[in-house]
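None of the figures in this text is laboratory data; all of them are computed from the coordinates on show. All of these numbers come straight from a predicted model, not from anything done at the bench. Note that each Cβ is placed from the backbone with ideal geometry, even for glycine, and that neighbours are counted across all protein chains shown.
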Amino acid sequence: MTLRKYLVLAGVTLCASIGDSLLSRGMKQVGSISLNHLSHVILAVLNPSVALGILLLLGFFASYMTALSWADLTYVLPATSLGYVLLTLIAKFYLHEAVTTSRWIGVLLISAGVGFVTQGPALTHHPAKAQPHKTEYEPASVRNEP
Amino acid sequence: MKQAYAWSAIAAIVLASTTGDVLLSRAMKQVGDVGALWWQSGLWMVLSRVLRNPNFLLGVLAMTTAFYSLLFGLSWGDVSLIAPASASLTFVTNAVAAKIFLHERVDHRRWMAAVLVACGVVLLAA
């Protein structure tokens, strides 16, 4: 894993959580949309929070696809779940919401999960195609790729 | 009865988003390292390779299905059940599906990570 790849993973995490919060804030400003006035959905895009939220979610999709091009799905998903932790910290220290003990335990579990997965290699090496007699598992030394 | 509807929506969301994640992951492995490809052949090449990949298009279709299942589910059940239950189950089903369909090496670290994150997501919603 290089610094550039960690930055892409950070991009996935940040874009998803900030994008979701902005969409949520924007849609609350727009108000509830009834099925009789579906055109209001299109007008909702004019709300700055909604527009920025959509941009960030596009950024999320691009960085998620980039991460999947060089890392396993079972690496990317847990590694980017730090976004839940980030949202809780935003809720506590920025929005001054009350965060219960069970939520803090949830934050701890997710952080531990992220710690576990980032200890290991990011990509399964498939030497079966090139070297059929070698072990299928990626040796720890392959982790620090060029 | 309402519970049964909510759980069938959760099952649909989990199935569709797992399918989508597996297809998108397979598509991007076929495209190859996006950074290197961009460096060598430019952004246009990256976009055309991604957008012409059948797995990518099917993956987006599956993700769209998951999104609409979520919308339907939310109209039948509580957001406090459907959103965390589907998000947390997806971490575990993705680990199983990645092992079976993508032949990823899901070692004890990755199982632990999937289960811990799944439990954490449930607790965050509690």
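Neighbouring Cβ atoms from other chains, within 10 Å of the Cβ of residues in A:56-65, number 2 on average. If you plug the beta carbon distance of B:MET45 and B:LYS2 into 1/(1 + (r/R0)^6) with R0 = 41 Å, you get a FRET efficiency near 0.25. Could you check which residue among B:PHE72, B:PHE56, B:PHE101 shows the biggest mean-square fluctuation in a GNM of chain B with a 10 Å Cα cutoff? Between B:PHE72, B:PHE56, B:PHE101, it is B:PHE101 that shows the largest mean-square fluctuation.
Pair-distance distribution of the protein assembly as shown: all C-alpha pairs, bin width 10 Å, starting at 0; shares per bin in whole percent are 7, 25, 37, 23, 7, 1, 0.
With a ≥ b ≥ c the root eigenvalues of the C-alpha gyration tensor of segment A:3-120, is it rounded (a/c under 1.5), prolate (a/b larger than b/c) or oblate? In terms of gyration-tensor shape, oblate. Put a dot 7 Å past the Cα of A:ASP20, heading toward its Cβ, do the same for A:TRP104, and the two dots end up 2.2 nm apart.
Taking a point 7 Å out from the Cα of A:TYR94 in the direction of its Cβ, the residues of segment A:1-33 whose backbone N falls within less than 13 Å of it are A:14-26.
Along its principal axes, segment B:1-43 has C-alpha extents of 57, 15, 8 angstrom, given from the largest down.
For chain B, taking the reciprocal of the average inverse distance between every pair of different Cα atoms yields a Kirkwood hydrodynamic radius of 15.9 Å.
From largest to smallest, the equivalent ellipsoid semi-axes obtained for segment B:59-126 from the alpha-carbon gyration tensor read 24, 18, 6 Å.
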